[in-house]
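This is the structure I want to talk about, given as structure tokens.
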Amino acid sequence: MSTKSDPETAPNNVLDQDEAQLQLNRSWHFIENFAASFCAMNFIGVVRSVFFLGLLAGGPAAMWSSYVISMFFMFITAAVLAEICSALPLSGSIYIWAAESAGPKYGRFFGVLVAWWACTAWMTFAASNCQTTANYLVTLLAVYEVDFPGGITMDNVKWRALIWAISEGLLIVSVAMNYLPSRWYSRVFKGSLALMMLDLFLCLLWLPIRVSKTYGFRSAKEVFTGTYNGTGAPEGWNWILSFVFSVYTMTGFDASGHIAEETKNASVIAAKGIFTSAVATGCFGFVTTILFLFCTPDLDTLFSLEAPQPFVQIYALALGKGGAVFMTILAALGLIMNTSIAIVAASRLIFAVARDGVLPLSWWIGRVSKDGQPRNAVTVMYVFGAAILCVILPSNVAFMSLVSAGGVPTIAAYGLIGLLRLTMTPNSFRSTKFKLGVFRRPMYAATAFFQAIVFAAMVSPFFFPVTAQNFNFAGVILGAVTIFAVIMYLVMPEDKWLRPETVRQALAAGDLTSSESASIAKADKD
């Protein structure tokens, strides 16, 4: 964990040339910080992507009810993270929060563990998103009944090659935007917000009108009481699996913390960004879920759609082929922006870990450009994402296994931080401007409890009986990542990263009240 002075408050004469190369440019405000999480989560894109998983796991009744429960607990989780973010607004936030939540004695271990978890989650997310975007575009071939050599199926190596090529091109576009100056990239944040709202507006207005004139709405009884078991799991667990759908749409609000060092007044703005983005994503995601439950065809028709992205075919049924093309292009543009913004968060995480000297080539990865951008870390994100996408070529099952672990480490980290705050440091971080007051302990407990349930659902088999083809590798991959993290903890010298005294100093700084901080700042100035 870096102990460098905050460039927003440190005297100019403290920052020598070497240190300046480790400082990010602080130029973003609330709208950019909010968009970092809100757009990375992309409520409407993710709802479309995992909608069918929700239908399989309990049906419509499970989807909307589990979403309500998830909103309540995920908002609590966001508040818990916002509290600690306000006290420690640093790049790479989530692993630092875990370290400080554990206290000096165990901080290094949990910091290393969550750093590996977070890097795994965020670095695989970009590659997964690019394939998702490619699936939208190629489904238009199915809409127009194009005869593709070998068939439109992932068993066809020519089809996989097409998906791979498009995905690699989309990754290049998403990464390229990250080389823009920060003042220009602000427009990407705002443009992504505009695209998502336009997408939602058209789905709220255009889609219902056309559905009423084509295949018709689902009844309220179907939406609010209809059940379905497409997983083969026992009925109770089948319902629990619906949390995979609801929580996945609200995972990633820690992104606002990862860009804290580039946000003005970060102790206030970054904390607000975490909480408000979670609330906005949950509310809009719930509205979108209810909308699609009413506006999609009956389950028999839905499960007969076999294209890579069935929602494109749903748009074709309701809006016609031209409308499907327009909505597909809109969704693809939104996902490209979403991927680019996710790379912003991921690259800041990689930058922070490298700045602390952990990664190979840390001296290069942890440096910033003259305008204060971690472009070397962005390059690492591209190389890693491009390499993962190549796995599509030999086996799509192998690729899906790799990216299946994307959400699991993040959920594990959320729950672990709540547990550590409850058991290790329940009274720390008094300097926070996002105080939870007397509710803090119940909120820590609620965070740990709910994330444990979600974690169990995410690592559980989704289909029963379990076979080699439907085996869920998420738990295996997280286990392997955890083993590597423990090995790093054991072999890396203590003085190289997250020394106990460093954790203790940061913890003490997080406990300073506003008046104490002002007194120290005044003394330093004198």
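Within the stretch 257-276, is even one residue within 29 Å of LEU137 (Cα to Cα), touching a Leu at 6+ places or on another chain (Cβ under 8 Å) and modelled with pLDDT of 95 or more?
Here is the first cut: in the stretch 257-276, the ones within 29 Å of LEU137 (Cα to Cα) are none.
No; the residues of the stretch 257-276 include none that is within 29 Å of LEU137 (Cα to Cα), touching a Leu at 6+ places or on another chain (Cβ under 8 Å) and modelled with pLDDT of 95 or more.
Let me confirm something: among TRP122, TRP116, TRP159, which residue is out of contact with any strand residue (DSSP E or B) (no Cβ under 6 Å at 6 or more places or on another chain), crowded, with 18+ Cβ neighbours inside 10 Å and free of Cβ contacts under 8 Å to residues at least 60 places away in the same chain? First the steps, then the outcome.
Values: TRP122 fails: free of Cβ contacts under 8 Å to residues at least 60 places away in the same chain; TRP116 fails: free of Cβ contacts under 8 Å to residues at least 60 places away in the same chain.
After ruling out the rest, the residue left standing is TRP159.
Let me ask another. Working only within the stretch 402-450, note down all residues that are in a loop (DSSP other than H, G, I, E, B), polar (S, T, N, Q) and within 24 Å of LEU241 (Cβ to Cβ). Before the answer, list the steps.
Start the filter on the stretch 402-450 by keeping residues that are in a loop (DSSP other than H, G, I, E, B), which leaves 404-406, 424-436.
After this cut, where a residue has to be polar (S, T, N, Q) as well, the list is 404, 425, 427-428, 431-432.
Passing the criteria: only SER404.
Taking only the stretch 476-491 into account, find how many residues are within 24 Å of the chain's Cα centre (by Cα) and buried (at least 18 other Cβ atoms within 10 Å of the Cβ).
Of the residues in that region, 4 qualify.
Out of the residues in the stretch 286-322 that are outside any helix (DSSP H, G or I) and among the acidic types (Asp, Glu), state the one that is surrounded by the fewest Cβ atoms within 10 Å (Cβ to Cβ).
Filtering the stretch 286-322 for residues outside any helix (DSSP H, G or I) gives 296-298, 303-309.
If we keep only those that are among the acidic types (Asp, Glu) as well, we get 298, 306.
Numbers: ASP298: 13, GLU306: 10.
Of everything passing the filter in the stretch 286-322, GLU306 is surrounded by the fewest Cβ atoms within 10 Å (Cβ to Cβ).
Going through the stretch 249-285 one residue at a time, which ones are out of contact with any Phe, Trp or Tyr (no Cβ under 7 Å at 6 or more places or on another chain), surrounded by 24 or more Cβ atoms within 10 Å (Cβ to Cβ) and closer than 30 Å to THR231 by Cα?
Residues satisfying the conditions are MET250, THR251, GLY252, PHE253.
Since PRO360 meets every condition but one in (1) in contact (Cβ under 8 Å) with a residue 40 or more places away in the chain; (2) closer than 14 Å to TRP497 by Cβ, which condition does it not meet?
(1)
On the basis of being under 22 Å from THR77 (Cα atoms) and either touching a residue at least 60 places away in the same chain (Cβ under 8 Å) or open to solvent by 10 Å² or more (accessible area, probe 1.4 Å) (or both), does PHE148 make the cut? Show your work before the answer.
Details: under 22 Å from THR77 (Cα atoms): no; either touching a residue at least 60 places away in the same chain (Cβ under 8 Å) or open to solvent by 10 Å² or more (accessible area, probe 1.4 Å) (or both): yes.
In short, no.
Still on this structure, I have one more. Before we move on, is ARG183 in contact with a Leu (Cβ under 9 Å, 6 or more places away or on another chain) and either under 30 Å from ALA36 (Cα atoms) or loosely packed, with under 14 Cβ neighbours inside 10 Å (or both)? Quick ask: steps written out before the conclusion?
Values: in contact with a Leu (Cβ under 9 Å, 6 or more places away or on another chain): no; either under 30 Å from ALA36 (Cα atoms) or loosely packed, with under 14 Cβ neighbours inside 10 Å (or both): yes.
So ARG183 does not fit the description; no.
Only one of these is in contact with a helix residue (DSSP H, G or I) (Cβ under 6 Å, 6 or more places away or on another chain), at pLDDT below 95 and closer than 27 Å to SER182 by Cα: ALA98, ALA87, ALA78. Name it. Give the derivation first.
Numbers: ALA98 fails: closer than 27 Å to SER182 by Cα; ALA78 fails: at pLDDT below 95.
Testing whether each residue is in contact with a helix residue (DSSP H, G or I) (Cβ under 6 Å, 6 or more places away or on another chain), at pLDDT below 95 and closer than 27 Å to SER182 by Cα leaves just ALA87.
The values are calculated or read from the model by the stated rules, or taken from the named source; none is laboratory data. From a predicted model like this one, the values you see are computed outputs, not experimental measurements. In this analysis, Cβ positions are derived from the backbone assuming ideal geometry, glycine residues included, and neighbour counts consider all displayed protein chains. Areas reflect the complete protein model, heavy atoms only, side chains present, ligands, DNA and RNA absent. Shrake-Rupley method; radii C 1.70, N 1.55, O 1.52, S 1.80 Å.
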